[in-house]
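No value in this document is a laboratory result; all are computed from the given coordinates. As the structure is a prediction and not an experimental result, all values here were calculated from the model. When we count neighbours, we look across all protein chains shown, and the Cβ atoms used for this are built from the backbone with ideal geometry, even at glycine.
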Ligand code: SF4
């Protein structure tokens with residue numbers, strides 16, 4: 001994903017959620033305890049097959065979701081993506 005594509009996925013509503021692979025899953029699996037690498041991988045396996053993972057990740061980065069697995073990423077991974085995205089936005093003026 002290019003960082004310039006990261007935008008809050010709110011335009012036109014959040015209809016991407018209707019196509020989410022997790023819409024019928026137990027959402028607790030997307031919020032593993034800190035350091036639970038097995039739990040993170042379990043969530044990522046669902047995200048890997050999700051048709052709206054890109055939209056989900058854009059939403060999570062754009063709205064600064066600091067908890068859980070979104071778009072197959074951990075909070076730390078999203079924090080780094082968000083920092084890069086904000087830096088790019090600032091440089092673009
Ligand atoms: S990428 Fe993962 S968390 Fe996001 S909607 Fe899809 S299954 Fe759910």
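Here are a few things to note about the model shown:
- Chain lengthening between residue 79 and residue 45 when straightened (0.36 nm per residue, less Cα-Cα): 10.1 nm
- For the stretch 3-92: relative contact order, % (alpha-carbon pairs under 8 angstrom, 6 or more apart): 35
- Residue order, fewest to most beta carbons within 10 Å, for 78, 17: 17, 78
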